[in-house]
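Readers should treat all values here as calculations from the given coordinates under stated rules, not as data from a laboratory. Predicted, not measured: the structure shown is a model, and the values here were computed from it. Here Cβ is always computed from backbone atoms with ideal geometry, including for glycine, and neighbour counts include all displayed protein chains.
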Ligand code: B12
């Protein structure tokens, strides 16, 4: 199902249909072609036309996945990934003020966040953090390449309601499993292991099952909705974020 956007004339258009869908597809292609200036100007134009940041972000993410495929096929080298990261960084800087405009007050809960050991990708993690904070969550961000033991150490200090780990590198997935196991061991006496949510471009239902974590989400918005649902008291486990 496509999300809907409200244009200036308040007509609701479906993202999956018509000219807007084609334009977002073009945005994804521009990202994949690493055309920085055109990407940024297209984003500016979409924002001015009232397209939701969520739809713009989703198009950019699609472009980044294309970059990833081109890298896998040997058509882009590390310089391509670096350039893509820079473009995405700028794109997020443009979207952030709009996404965080309606900052809600109050304490929705505490989230301990970090990119798991062996992985230095942080653009998606930082975006997820921004979204959480502007929706009233307090986030302790441990940064990137965080060993599971560091999550557990920070847990005892920060006492979060949720632990969230980002992972984009498949070689790092075993560390997600280790994270869950370490928390199980550390909280065996009390039986109160914190709920653990994982996310990041390569995480899917299959990965989630192998880690033993409680939840997973395919993107930062789904992750936010999940955190809101969980902290609203519905502690139903093994529920996907999609
Ligand atoms: C940009 C990029 C880089 C940049 C990262 C810059 C940075 N500061 O993060 C740089 C150049 C540093 C980089 C380095 C490398 N990269 Co890289 N990189 C990418 C690329 C193209 C885009 C990632 C990105 O920023 N996407 C945009 C953001 C917004 O999306 P996202 O991260 O998925 O996050 C979204 C959601 O997933 C979600 N989310 C993210 N985290 C979390 C956490 C939670 C809890 C929740 C709920 C949600 C959530 O929210 C975000 C918004 O919706 C991906 C391709 C891809 N398919 O993703 C490859 C990719 C991840 N990289 C890859 C590789 C191989 C590498 C290198 C090993 C390359 C090398 N030879 O050195 C190194 C890794 C070093 C390391 N140890 O980590 C591979 C991984 C393959 C694999 N199977 O493991 C990919 C898939 C490319 C590919 N197909 O070849 N990379």
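Using Cα atoms only, what is the angle between the long axis of helix 53-72 and the major principal axis of the chain, expressed in degrees (0 to 90) to the nearest 10?
Helix 53-72 sits roughly 80 degrees off the main axis of the chain.
First check a/c for segment 4-99, with a ≥ b ≥ c the square roots of the eigenvalues of its C-alpha gyration tensor; if it is under 1.5, answer rounded, and if not, answer prolate when a/b is larger than b/c or oblate otherwise.
prolate
To the nearest 500 deg cm²/dmol, what mean residue ellipticity at 222 nm is calculated for the chain from DSSP H runs of n ≥ 4 alone, each contributing -39,500 (n - 2.57), summed and divided by the residues?
Helix contribution divided over all residues of the chain: -17000 deg cm²/dmol.
Once the Cα atoms of helix 220-231 and of the chain are each reduced to a long axis, what angle between those two axes, in degrees from 0 to 90 to the nearest 10, is obtained?
Rounded to the nearest ten degrees, it is 40.
Kirkwood Rh over Cα pairs of the chain into Stokes-Einstein at 20 °C, 1.002 mPa s: D in µm²/s?
Here the translational diffusion coefficient equals 114 µm²/s.
Packing-wise, with mean Cβ within 10 Å as the measure, how do 127-135, 155-163 rank, highest first?
127-135, 155-163
Any chance you could give the angle, 0 to 90 degrees and rounded to 10, that helix 173-186 forms with the longest Cα principal axis of the chain?
Helix 173-186 sits at roughly 30 degrees to that axis.
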